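Data block below; observations after.
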Amino acid sequence: MKSVAVLISGQIRTGVFKEQILFFERFLLHLQNIFQHVDVYVVLKIPDQHETCFIKSERGIQQLKELLAVWNPVHNVFFYDFHYEKGTRPESNGQLKMIDMCIQHAMEYEKINHRKYDLFFRVRPDSCFLLNELCFDKIHENYVYTAIKEDAPGSDQVFMFNPAMLDHWWKPMIQQWMTHTFVCSTLEYNIFPKEIVKQTFQCWLIRDYEKTSHWCYTRPHAPLHSEYTWLDKKWYDPLLLPMPHETYVCEILTCVPVIYMNLPIE
């Protein structure tokens, strides 16, 4: 296998934690030892003036810049929110739309640069997993390999698939599913048919400092701290010191060329 497209999408949230920056650094280095080309595509929803978040601090902006330097994305999009019609907020559609935006940019890059990706690897910016649990020797098989989520057919937090599944699953099923306007709180039950999914590795969501969630309840796996170590809280405490929203917007604009206020979801 020569090329992998890493699709990082979702709300930034705890992605600016120092631990997450180091996780992504290790993760991308791991991929670079396996693949000749590792291309990162980023679509991030960031907090607006009505939200509070770790990124809206001097330390948060500084660590966002560090994170972007680690990602070194081929293409990135930052935006506040999608534009939802008819007074609805179909959050699940928004999640899929962000992933699909990454995929579309990756497919465009393939055409322009005459490159063919062997693997598409979707990762939330606030998620993490153990590198020693990743296994790439069977990804040529036509399955969607997801993190373990024992209360659902698969996990939308982290999953990977090959070009065959892009053509036989994502394009005909997921892209069609996104055209419908509705609210759904059970995303994983709709997009992952059991017959095409293999749950193969653990995943944690970083909720706050030393606060995580995972859905691997019964299978004997290594704990998170075997690879993911919490650092001194000196990196965390400054994230709790918010800056004025106007300053925050100006700082964000120094990180990326364009910030989209609203994106259409249709």
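Give the share of C-alpha pairs in each 10 angstrom bin for the chain, from 0 to the last occupied bin, in whole percents, shortest bins first.
6, 30, 37, 23, 4
Which lysines have a Cα less than 16 Å from the Cα of Lys116, not counting those fewer than 8 places away in the same chain?
Here the lysines satisfying the reach criterion relative to Lys116 are Lys2.
Please report the antiparallel percentage of DSSP beta bridges with both residues in the chain, rounded to the nearest 5.
Just about 30 percent of them are antiparallel.
Loop only per DSSP, at most 15 neighbouring Cβ atoms within 10 Å: give me the GluC sites (Glu not before Pro) in region 129-159, ordered by residue number.
Counting only loop positions with at most 15 other Cβ atoms within 10 Å, the GluC sites (Glu not before Pro) in region 129-159 are Glu141, Glu150.
For a quick check, take a GNM of the chain with Cα springs below 10 Å and name the residue from His37, His225, His245 with the largest mean-square fluctuation.
Its mean-square fluctuation being the largest, the pick is His225.
What is the order of Ile148, Ile196, fewest Cβ neighbours within 10 Å to most?
Details: Ile148 22, Ile196 16.
Listed from fewest to most nearby Cβ atoms, that is Ile196, Ile148.
Quick check on the exposure proxy: order Thr218, Thr200 from fewest to most C-beta atoms within 10 angstrom.
Ascending number of Cβ neighbours within 10 Å: Thr218, Thr200.
Rounded to the nearest 500 deg cm²/dmol, what is the calculated helix-only ellipticity per residue at 222 nm for the chain, with -39500 (n - 2.57) per DSSP H run of length n ≥ 4?
-8000 deg cm²/dmol
Only Cα pairs within less than 10 Å get springs; with that Gaussian network setup on the chain, which residue of Glu246, Glu66, Glu25 has the largest fluctuation?
Ranking Glu246, Glu66, Glu25 by mean-square fluctuation puts Glu246 first.
Work out how much length Asn33 to His75 would gain on full extension: take 0.36 nm times their residue separation and subtract the Cα-Cα distance, in nm to one decimal.
So the extension gain works out to 12.9 nm.
Considering only DSSP states other than H, G, I, E and B, which trypsin sites (Lys or Arg not before Pro) in region 134-231 qualify as loop sites with at most 15 other Cβ atoms within 10 Å?
Lys138
Report, in debye and to the nearest 20, how large the dipole of the chain comes out about its Cα centre when Lys and Arg carry +1 and Asp and Glu carry -1 on their Cβ.
With Lys and Arg at +1 and Asp and Glu at -1, about 240 debye.
Calculate, for Asp137 and Leu240, the FRET efficiency according to 1/(1 + (r/R0)^6) with r their C-beta to C-beta distance and R0 30 Å; round to the nearest 0.05.
Taking R0 as 30 Å, the efficiency between Asp137 and Leu240 is 0.10.
Specify which residue in the list Met178, Trp204, Ala147 is farthest towards the positive end of the charge dipole of the chain, using unit charges on the beta carbon of Lys, Arg (+1) and Asp, Glu (-1), about the Cα centre.
Farthest towards the positive end: Ala147.
No lab work stands behind these numbers, since they all come straight from the coordinates. The structure presented is a predicted model; accordingly, all values stated were derived computationally and were not measured. Here the Cβ is made from the backbone with ideal geometry for all residues, glycine too, and neighbour counts use every protein chain on show.
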